[in-house]
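Below is one structure, written out as structure tokens; the observations come after it.
The values are calculated or read from the model by the stated rules, or taken from the named source; none is laboratory data. This one's a predicted model, so the numbers in the text were calculated from it and none came from an experiment. Cβ coordinates were reconstructed from backbone atoms using ideal geometry, including for glycine residues, and neighbour counts include every protein chain displayed. Side chains included, ligands, DNA and RNA excluded: accessible areas come from the protein's heavy atoms. Shrake-Rupley method; radii C 1.70, N 1.55, O 1.52, S 1.80 Å.
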Amino acid sequence: MDRLTSEQRSWNMSRIKGSDTGPERRVRSVLHELGFRFSLRRRDLPGRPDIVLVRHGAAVFVHGCFWHRHNKCGNSVLPKTRQQFWLAKLNGNVERDKRNLVALKRLGWKVITVWECEVEDESKLSRKLLAKLTKSQHG
């Protein structure tokens with residue numbers, strides 16, 4: 001049983017941001033410190049990536065571990081109430097992510113996924129981004 005009323009739960013859920021989240025701002029900050037320049041949420045690309053580095057042909061998605069079902073992550077726990085609803089919703093997000101990844105790769109883009117739990121360790125995040133962005137398209 002949910003500890004909150006449906007009105008309280010609705011209010012909580014309405015406060016969850018879809019863009020310009022803390023993790024997104026942190027990834028942008030790290031990219032900027034590394035000297036990369038980028039644009040945000042290109043509407044003309046599949047999935048509207050959070051960050052686009054045109055010069056490097058890279059699209060970056062900053063995914064919330066819960067909303068995008070990060071495997072083996074403690075932040076990706078299925079709620080105990082309304083499990084069928086949540087399974088359908090979250091699995092739908094994962095399927096959409098897969099379709100967007102395939103579509104972007106077909107267009108020649110490198111796709112980088114940064115998980116919410118990965119932004120805590122900035123040095124590790126810097127190494128990941130640098131490695132993925134400096135790796136050649138064919139290698």
**Item:** For the chain, alpha-carbon Rg over 2.2 N^0.38 Å
**Value:** 1.15
**Asked** Can you give the charge dipole size of the chain about its Cα centre, rounded to the nearest 20 debye, using +1 on the beta carbon of Lys and Arg and -1 on the beta carbon of Asp and Glu?
**Response** 420
**Asked** Once the whole set of protein chains is in place, how much accessible area is left on residue 73, using a 1.4 Å probe, in Å² to the nearest 10?
**Response** 20
**Asked** Can you list the HN-Hα couplings for the range 115-129, worked out from phi with the Karplus curve (6.51, -1.76, 1.60; θ = phi - 60°), rounded to whole Hz and with x for Gly and Pro?
**Response** 8, 3, 6, 7, 7, 5, 9, 5, 5, 5, 4, 4, 4, 4, 5
**Asked** On average, how much accessible surface per residue is there in the chain, in Å², for a 1.4 Å probe, leaving out ligands, DNA and RNA?
**Response** 66
**Request:** Relative to the compact-globule scaling 2.2 N^0.38 Å, provide the ratio for the alpha-carbon radius of gyration of the range 49-111.
**Result:** 1.32
**Request:** Give the carbon-plus-sulfur fraction of the accessible surface of the chain in %, rounded to a whole number; probe 1.4 Å, heavy atoms of protein chains only.
**Result:** 51
**Request:** Across the range 46-137, how many lysine pairs, 8 or more positions apart or on different chains, have C-alpha atoms separated by under 20 Å? Please give the number.
**Result:** 18
**Item:** residue 66 accessible area, assembled protein chains, probe 1.4 Å, Å²
**Value:** 50
**Item:** Principal-axis tilt of helix 22-33 within the chain, Cα atoms, nearest 10 degrees
**Value:** 10
